[in-house]
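The numbers here are math on the coordinates, done by the rules we state, and not lab data. Being a predicted model, the structure only gives us computed values, none of them experimental. Reconstructed Cβ throughout: ideal geometry from the backbone, glycine too, with neighbour counts over all protein chains shown.
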């Protein structure tokens, strides 16, 4: 006999952000001086060999993608959450945009700031991040700017080549879901596929 599931009551809420639990991405893009910038983000999803990215207008990541249509979608695992958080208050944009002043600070070398290692890509200019277990070289296929008071770029990229650490590969072309533990951003708190790991500097609870 099946037991009837209990249905919880709901309330209407107005959350400031809708990061309801998505994988963290460390997006590397190409700077004007041919170095690579890192943008930590969690607005990303894949469909086939296309990945949709969401970036705020005014940041270095979107600016770089408009200028140079290549990137690397680096996926950190849960062990890298502290490195991701070291990147969280940094911006590669100078001068710092007005809406970021007092909250973010400029940092030219984000790899050094977060203790991460750049490694040359095979088909695109931006560097990969050696510590990330999955690194997807990609090229931009389209950018659309949306929003009114707060504006965002919706970027469609095409995956060109996927690099994965040996330790998470099973067979020739498969990622082992038991060994792969993606870092999840859940309402400004960091999780793996288990207990909470920590929270971002902007978390309010």
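Brief remarks follow.
- With contacts taken as Cα pairs under 8 Å at a separation of at least 6 residues, region 21-197 carries a relative contact order of 26 percent.
- Protection proxy ranking, highest mean first, for peptides 6-14, 109-117: 109-117, 6-14, where packing is the per-residue count of other beta-carbon atoms within 10 Å, averaged.
- Distance between the pseudo-spin-label points of residue 79 and residue 12 (7 Å out from Cα toward the beta carbon): 4.8 nm.
- Distance between modelled label sites at residue 47 and residue 143, nm, 7 Å Cα→Cβ extension: 2.1
- FRET efficiency, residue 193 to residue 151 (Cβ-Cβ, R0 30 Å, nearest 0.05): 0.35
- Using R0 = 35 Å, the C-beta based FRET efficiency linking residue 101 and residue 158 works out to 0.50.
- Highest mean first, the peptides 68-78, 150-160, 24-34 sorted by other C-beta atoms within 10 Å per residue fall in the order 68-78, 24-34, 150-160.
- Residue 170/residue 120 FRET efficiency (R0 22 Å; Cβ-Cβ; nearest 0.05): 0.25
- Over the chain: helical MRE at 222 nm, DSSP H runs n ≥ 4 each giving -39500 (n - 2.57), nearest 500: -2500 deg cm²/dmol
- From the alpha carbon centroid of region 149-169 to that of region 1-75 is 9 Å.
- Across every direction, the projection of the convex hull enclosing the Cα atoms of the chain has a mean area of 14.9 nm².
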